[in-house]
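A.B. asks: Sharing a structure below in structure tokens format, with a few things to ask.
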Amino acid sequence: MPDTEIAVDLPPYQAPRWLRGGHAQTIHAATWAPRPPVNYWRERWDTPDYDFIDLDWVDNPARELKLDQSDDTPLIVLFHGLEGSSNSHYARAFMHAVDTHGGRGVVVHFRGCSGELNRLPRAYHSGDTAEIDWILRRFRATRSSPIFVAGVSIGGNVLLKWLGEQGKAAREIVTRAAAISVPFDLAATSDTLARGFNRVYTRHFLNSLKAKTLLKLKRYQALCDPQRMRAARTLREFDDVVTAPLHGFNGVDDYYTRASCKPYLAHIAVPTLLVSARNDPFLPQQFLPKPEEMSTQVQLELPDTGGHVGFVSGRFPGNIEWLTQRVLYFFADALRESRDAPQETPGSAAADQS
């Protein structure tokens, strides 16, 4: 990821004149903005509980599988959003940029999101930090190069919660982190998505979540109450009957309280960039984190526009290069800091003590 190829004078984000409003910016990015081609190759990892996850890489498979500890190419890890995948608009744009800059990147699929149902009744949830802890530690165990990690929407929520839980220990695993359009307060997000035009997004998510659950019910009849699951019209109702009990929570309120990342922001010790639009239709402005709720290692950027994982720029039909450039510059800045840091010369330590 040569830093000379990444824009250093990126202006603050402003939506183009032809794309007004948070809903338009959200929907256009996800449905109509061109998705660049990405040549992924897939790897499957067996999990400690005998399930599996799929990872889609942009890299030379032969080089990656050698696990060469001397290779200092940084690894950029991306965790997707609710019912997302490596084909999501942001994932393709991000990994295309990583590949263009000569980097090594990987999209980690949450269980059941790679196009194949996972083996166990459990799936994934917004606070599953044990899962990404295992994943990130496995990456670290096989390389000495810097690891940069980004999370989008609920992928960002899980990442931020993990960073807060780990505190200073996370510095031994990742170099920098970034989180985009995070639902910092899951209860507020769920309630917001149940109202007005936002119900369009809810129907989209529920169609996917219910279809997977119905398939799993054929294997595991005790998975949930099928009638209540089919009747769910909001994410809160679905999470109460499926997500919360399936993953060990005492109902939906317990799930939203324990899984939300906002209480953990004050404990983050890894340099972390947060980018969220003030007009994100998924989360009202009043629920965005305040400076006193974050550690000094967290850099919060709140463009007035952008929607939810939108940030479209350029002429119609637009692109989301601004977002990818912003995150990659933040990551590359760590490499510049390392390069520009004073280097010890032989005998310098002894000279300092004399």
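A.B. asks: Check the stretch 186-193 and report whether any residue there is in contact with a Lys or Arg (Cβ under 8 Å, 6 or more places away or on another chain) and assigned to a loop (DSSP other than H, G, I, E, B).
C.D. replies: no
A.B. asks: Further question on the same structure: Looking for whichever is within 18 Å of R236 (Cβ to Cβ) and assigned to a loop (DSSP other than H, G, I, E, B) here; the options are P281, P289. Which one fits?
C.D. replies: P281
A.B. asks: So for the stretch 1-21 (the condition being at pLDDT 95 or above, polar (S, T, N, Q) and assigned by TED's automatic domain parsing to the domain that holds H109), does at least one residue qualify?
C.D. replies: no
A.B. asks: Which members of the stretch 88-105 meet the condition of being surrounded by fewer than 24 Cβ atoms within 10 Å (Cβ to Cβ) and not in a helix (DSSP H, G or I)?
C.D. replies: Result: S88, H101, G102, G103, R104.
A.B. asks: Something else about it: Would you confirm whether or not the stretch 264-277 contains a residue that is small (G, A, S), assigned to a loop (DSSP other than H, G, I, E, B) and closer than 18 Å to G167 by Cβ?
C.D. replies: Yes, some residue in the stretch 264-277 is small (G, A, S), assigned to a loop (DSSP other than H, G, I, E, B) and closer than 18 Å to G167 by Cβ.
A.B. asks: Follow-up. Quick one: how many residues across the stretch 145-187 are more than 19 Å from A332 (Cα to Cα) and aromatic (F, W, Y)?
C.D. replies: Summing the residues that are more than 19 Å from A332 (Cα to Cα) and aromatic (F, W, Y) in the stretch 145-187 gives 2.
A.B. asks: Kindly indicate whether P317 is crowded, with 20+ Cβ neighbours inside 10 Å, assigned by TED's automatic domain parsing to the domain that holds V158, outside any helix (DSSP H, G or I) and more than 17 Å from the chain's Cα centre (by Cα).
C.D. replies: No; evaluated as a whole, the condition is false for this residue.
A.B. asks: Might you check whether a residue that is assigned by TED's automatic domain parsing to the domain that holds L75, touching a Phe, Trp or Tyr at 6+ places or on another chain (Cβ under 8 Å) and hydroxyl-bearing (S, T, Y) occurs anywhere in the stretch 127-134?
C.D. replies: Yes.
A.B. asks: Is it the case that the stretch 116-129 has a residue that's in contact with a strand residue (DSSP E or B) (Cβ under 7 Å, 6 or more places away or on another chain) and either surrounded by fewer than 20 Cβ atoms within 10 Å (Cβ to Cβ) or assigned to a loop (DSSP other than H, G, I, E, B) (or both)?
C.D. replies: Within the stretch 116-129, one or more residues are in contact with a strand residue (DSSP E or B) (Cβ under 7 Å, 6 or more places away or on another chain) and either surrounded by fewer than 20 Cβ atoms within 10 Å (Cβ to Cβ) or assigned to a loop (DSSP other than H, G, I, E, B) (or both).
A.B. asks: Separate question: Regarding the stretch 157-166, can at least one residue be identified that is assigned to a helix (DSSP H, G or I), closer than 28 Å to A277 by Cβ and touching a His at 6+ places or on another chain (Cβ under 6 Å)?
C.D. replies: yes
A.B. asks: Any chance the stretch 151-159 includes a residue that's farther than 21 Å from Y264 by Cα, among the aliphatic types (A, V, I, L, M), within 16 Å of the chain's Cα centre (by Cα) and modelled with pLDDT of 95 or more?
C.D. replies: no
A.B. asks: Moving on to the next point. Can you confirm whether the stretch 260-272 contains a residue that is over 19 Å from the mean Cα position of the chain (by Cα) and closer than 20 Å to T202 by Cα?
C.D. replies: No: zero hits.
The values are calculated or read from the model by the stated rules, or taken from the named source; none is laboratory data. This structure is a prediction, so every number in the text was calculated from the model and none was measured. Please note: Cβ atoms are built from the backbone with ideal geometry, for glycine as well, and neighbour counts cover all protein chains shown.
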